[in-house]
Structure formats: C-alpha cells, structure tokens
Amino acid sequence: MGEATTDPVRLPPTVRVPKILQGFAFVTSRARFVRALGKRYGAAFTLNLPIFGPTVVISDPVVVKDLFTTSTDLVGRASNLGTVLGPGSTFSLGGDAHRQRRKLLVPPFHGKRMQRYEQIIEDEVMREIATWPEGEEFPTLRPMMRITLNAILRAVFGAQGPALDELRELLPPAVVLGSRIAVLPPFARRAVGPWSPGARFLDYRRRYDVVIDSLIADARSDPAFEERSDVLSLLLQARYDDGKPISDRHVADELLTLLTAGHETTATTLAWAIERLRRHPRLLARLTEEVDAGGSELRQAAIWEVQRTRPVIDATIRRTKKRIRLGEWVIPEGHSVIVSIGLAHASEANFPDAQTFNPDRFLGNPPDTYTWIPFGGGVRRCVGAAFANMEMNVTLRTLLREFEFGTTHAPGERVHSRGVATAPGRGGRAVVYRRTAGHARTVVADTRQVPA
Ligand code: HEM
C-alpha cells in the first residue's frame with residue numbers, strides 16, 4: 001500500500017524528449033507513444049507534459065498494487081467526465097461520498113446477480129444477427145454497439161416501449177458530444193448561443209431527464225417494484241447507512257454514467273474478439289466444439305486474452321493529494337500517476353511470450369489482480385466488470401452457436417482510438433455462415449503462428 005512520506009522526492013527516470021513533442025505525441029497517439037517509451041525506459045518513467053507537468057507512468061505489478069491500494073485520502077482520480085455526467089455521478093464523487101455510493105452500486109453488479117440478465121443479452125444478440133449478411137465481409141463494431149446499448153437500456157435502465165426507443169435515439173449522440181465536451185477547458189464547455197456544444201448537450205440532458213423521470217415513476221408505481229431486477233429499481237430501493245435513498249437526480253446521473261462507461265467499452269472489446277478469433281482458426285474450432293458441448297472454460301480464457309492483448313482502455317489515472325511512496329519511488333503532491341494497462345499487459349515479466357495471442361495461458365490459471373488490469377483496480381475498479389464479462393460471454397456463446405466464422409490470414413487490424421476506447425481500425429470485420437442453414441464448411445487449417 002502506498003503511504004504518505006516526508007522522504008526526498010524520487011521520481012522514475014525522466015523521458016528525454018522535448019516537452020512540446022511529448023505533449024503532441026501524448027494527445028495524438030497516447031497508447032503508441034507510451035508503449036514505445038516502455039520499451040526504452042522499462043516499467044516506470046516520468047513524462048513532462050505541457051499543462052499537466054511531470055506525470056509518472058507505471059506498469060510494474062508491485063507499484064501498481066501500491067497505487068491501487070493507497071488510501072483515497074492520499075490519491076484521487078483525475079477525470080473530467082464528472083463535469084458532464086453531473087454531480088451525482090460516481091465520476092464526480094470522491095472520498096467518503098464515493099465510498100458510500102460504491103457500497104450501494106456494487107450489489108446490483110455482483111457476479112451472482114448476472115444470471116438474471118443473460119436472457120436479455122441473448123435476446124438482443126438474436127435480434128441483431130437476424131439481419132447479418134452471409135458470406136460477405138462486414139464490420140461488427142456497429143452491430144456490437146447496438147447490442148450493448150440495448151442490453152444496458154433494458155438491464156440497467158429497465159427501459160421498454162417508447163422510453164427505450166427515445167433513449168436509443170437520444171443517448172449515443174449525447175454520449176459522443178459529452179465525451180468531447182469533457183476534454184474542453186471550462187470556459188469552452190459553457191452554453192453560449194443555441195448551437196454551442198454546451199447548449200446542445202444541455203438540450204440532450206433535458207430530454208434525457210424527462211425520460212428518466214418517467215422511468216422512475218413507472219418503476220415506483222409497478223406493483224412488482226420490489227421484485228424488479230433492473231439496476232434503476234435496485235438503486236431506487238437502495239439506502240445509505242443513515243437510511244436515506246439516493247436522490248432521483250443522482251440516480252439519473254448514475255445511470256448516464258453506467259451507460260457512458262459500459263456501452264462502447266464492451267462493444268469494442270467484442271469487436272476485437274471477432275477480429276482475434278478469425279485469425280486463430282484452431283482456437284475458433286475448439287471454441288465452437290466447447291459451445292456445442294455446453295462448456296465455457298476456453299471461452300472465458302479467450303475473453304481474458306482478448307482483454308489482455310487488446311485492452312480498450314489503455315490507461316487509468318490517479319492524482320496524488322500528498323507526497324507518497326510507491327514501491328521504490330517517492331511522488332510529490334499534485335502529480336498525475338498513469339497506470340499503463342497496455343504496458344502491464346505487454347510485459348514479458350507479467351506474461352511470458354506476451355506478444356502471442358494464446359488463451360490457453362489462462363486455462364486453469366485465472367488472471368492476477370495486478371498484472372491483468374483491463375478494468376483498473378482498487379476502490380475505483382470498474383463497477384461493471386462482472387456485467388461486461390457476462391455480456392461478452394453470452395454474446396460470444398450465441399454467435400458461436402449460430403454462426404461459423406470465415407477465417408483469414410490477413411494481418412491484424414490496427415488499433416484505432418475512438419476517444420474513449422480503442423477499437424479495431426476496420427471495425428472488427430467478420431464473415432459469417434449460418435450453422436442452422438446446414439452449411440458444413442471446412443475451417444481453414446492454419447499452422448502459422450499469428451502474433452498478438
Ligand atoms: C469491457 C468492458 C469494460 C472495460 C474494459 C471497462 C474499463 C474500466 C476502467 C479501466 C475503469 C477505470 C478503473 C480505475 O480507474 O481503476 C472503469 C470504471 C468504471 N466502469 Fe467500466 N469498463 C467496462 C464495462 C463497464 C460496464 C458494462 C459498466 C456498467 C454497466 C461500467 C461502469 C464503470 C463505472 C461506473 C466506472 C467508475 C468506477 C468508479 O469510479 O468507482 N464499465 N471501467
């Protein structure tokens with residue numbers, strides 16, 4: 001655990017690249033830049049960025065563990081998302097208020113509850129794939145985005161009928177605009193004139209609040225309110241230690257947060273899964289055999305390995321509130337510390353033969369908390385991790401049951417940054433054949449090693 005200290009500052013080696021170039025590379029291609037520096041400087045180094053100043057990047061599991069387990073009195077999270085999601089969002093809360101909210105947020109997302117949502121996911125996948133073309137290549141990212149949007153709106157928001165339709169139309173552009181606004185300086189976020197980004201976002205927000213108020217009223221007047229399993233109903237029923245409920249406005253902010261954090265991340269990981277599996281025919285055949293036999297162990301290992309080799313969030317950031325010791329380093333107050341998920345996952349020390357996509361590494365050997373970190377860690381670890389895992393598992397299970405995937409020797413798709421998440425550059429293209437149509441196609445026998 002990182003501790004407060006009065007020892008002299010000891011930062012990791014400083015990157016010897018002009019500050020302005022560091023800033024440019026960090027903004028335009030952060031993941032690639034950080035990975036290149038990792039090769040040169042190892043598991044800890046210090047950037048000197050315009051505006052942010054000295055910024056420490058870490059990926060060694062001992063130091064990562066120290067940071068993730070440091071008290072929130074000593075480190076906070078650096079994120080602007082709270083400014084657009086609202087004061088009731090987990091992203092806006094710190095210290096005790098965050099701790100109390102997490103206590104109410106964790107039970108609805110507990111692994112044991114996830115089974116209840118499986119049918120919703122399977123229904124959404126079946127609905128989506130009804131129109132997938134056979135035998136021609138197409139990008140899967142948009143279809144995956146539709147599946148994960150509908151899944152969250154139904155399982156988390158408990159939406160159906162006209163409210164579901166309205167949110168389906170309203171939220172994707174609102175979230176895109178909100179993510180853009182979040183990175184603007186405060187003066188540029190203001191609503192000046194009807195067409196400014198701030199004003200357009202406010203308009204989305206007003207429409208969103210109307211729909212959420214109607215969903216809240218519907219849930220409360222439902223005679224089966226207490227048996228409902230959607231997260232909105234569970235949050236309305238939850239009580240803080242002093243017996244008070246979460247206010248309706250905070251529930252609205254939190255639902256928007258869950259959608260913003262959970263929709264694109266899960267969809268891009270699924271698109272990467274398709275991109276990876278098509279390039280590993282023998283694995284694909286084994287996964288299909290496993291689905292037919294009712295198993296899931298290899299599928300789970302494949303999901304873990306997709307997240308290791310193609311983490312859609314490349315880093316998570318904390319900011320020191322006091323001078324703290326992390327491993328051998330002493331970091332001053334007011335410094336940003338970036339945990340590089342990409343570097344941790346590409347480390348040979350953490351994962352032997354790290355460049356190879358090999359789900360078998362996780363068979364009977366689940367990932368470790370501080371080397372496999374696609375969901376971050378500590379008290380800020382992704383609250384929707386079990387939901388995302390269940391959703392990816394059910395989606396892949398259904399796809400493997402329904403389709404045979406055309407395999408390919410084409411090079412892997414490039415990593416493309418979409419702002420929030422990094423996605424396959426060509427959208428995770430697939431070719432599918434319906435298994436139920438009696439297609440008995442031979443899977444291409446591939447003996448070549450395909451690098452991760
Ligand atoms: C593959 C899918 C997903 C990935 C890779 C992912 C990744 C992450 C990461 C890296 C963080 C930051 C953790 C940290 O700072 O230590 C995070 C936070 C969060 N995620 Fe996820 N996430 C995914 C899906 C979801 C889903 C499905 C939901 C909800 C439905 C969700 C809700 C959240 C929330 C609310 C936070 C903020 C937690 C807090 O600050 O206490 N995420 N996620």
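The values are calculated or read from the model by the stated rules, or taken from the named source; none is laboratory data. Nothing here was measured: the structure is a model prediction, and the numbers come from that model. Reconstructed Cβ throughout: ideal geometry from the backbone, glycine too, with neighbour counts over all protein chains shown. These area figures cover heavy atoms from the full protein model, side chains too; ligands, DNA and RNA do not enter into them. Shrake-Rupley method; radii C 1.70, N 1.55, O 1.52, S 1.80 Å.
What net charge do the residues around residue 180 carry, taking every other residue with its C-beta under 11 Å from that of residue 180, with Lys and Arg at +1 and Asp and Glu at -1?
Cβ neighbours under 11 Å give a net charge of +2.
Cα-based Rg of segment 7-148 per 2.2 N^0.38 Å, rounded to two decimals?
The reported ratio for this selection is 1.48.
Probe of 1.4 angstrom, ligands and nucleic acids ignored: what's the accessible area per residue over the chain, in square angstrom?
About 46 Å² of surface per residue is accessible.
Find how many whole Å separate the alpha carbon centroid of segment 347-368 from the alpha carbon centroid of segment 30-86.
23 Å
Using a cut-off of 20 Å between alpha-carbon atoms, which lysines can reach residue 39, once sequence neighbours fewer than 8 places away in the same chain are excluded?
Straight-line reach from residue 39, under 20 Å: 19.
Using alpha carbons only, how many angstrom separate the centre of segment 376-423 from the centre of segment 200-217?
About 30 Å separates the Cα centre of segment 376-423 from the one of segment 200-217.
Choose one of 291, 172, 422: the residue whose Cα lies farthest towards the positive end of the charge dipole of the chain (beta-carbon charges +1 Lys, Arg; -1 Asp, Glu; about the Cα centre).
Checked the options; the winner is 422.
For segment 153-235, with all protein chains present and a 1.4 Å probe, just round the carbon and sulfur fraction of the accessible area to a whole percent. Intermediate results must be reported in sequence, preceding the final value.
On the way: 2600 of 4360 Å².
Looking at segment 153-235 in its full context, I get 60 percent from C and S.
Compute from the Cα atoms of the chain the Rg and the Dmax, the latter being the longest Cα-Cα distance, and quote both in angstrom.
Rg, Dmax (Cα atoms, Å): 22.5, 71.
Of the accessible area of segment 36-126, with the probe set at 1.4 angstrom, what percent is carbon plus sulfur?
Answer for segment 36-126 is 56 percent, counting heavy atoms of protein chains only.
Farthest toward the dipole's positive end in segment 193-271, which of 197, 237, 224, given Cβ charges of +1 (Lys, Arg) and -1 (Asp, Glu) about the Cα centre?
Most positive-ward Cα: 197.
Return the lysines within reach of residue 103: Cα separation strictly under 24 angstrom, same-chain partners fewer than 8 residues apart disregarded; answer none if there are no such residues.
Candidates past the 8-residue exclusion: 65, 112, 244, 321.
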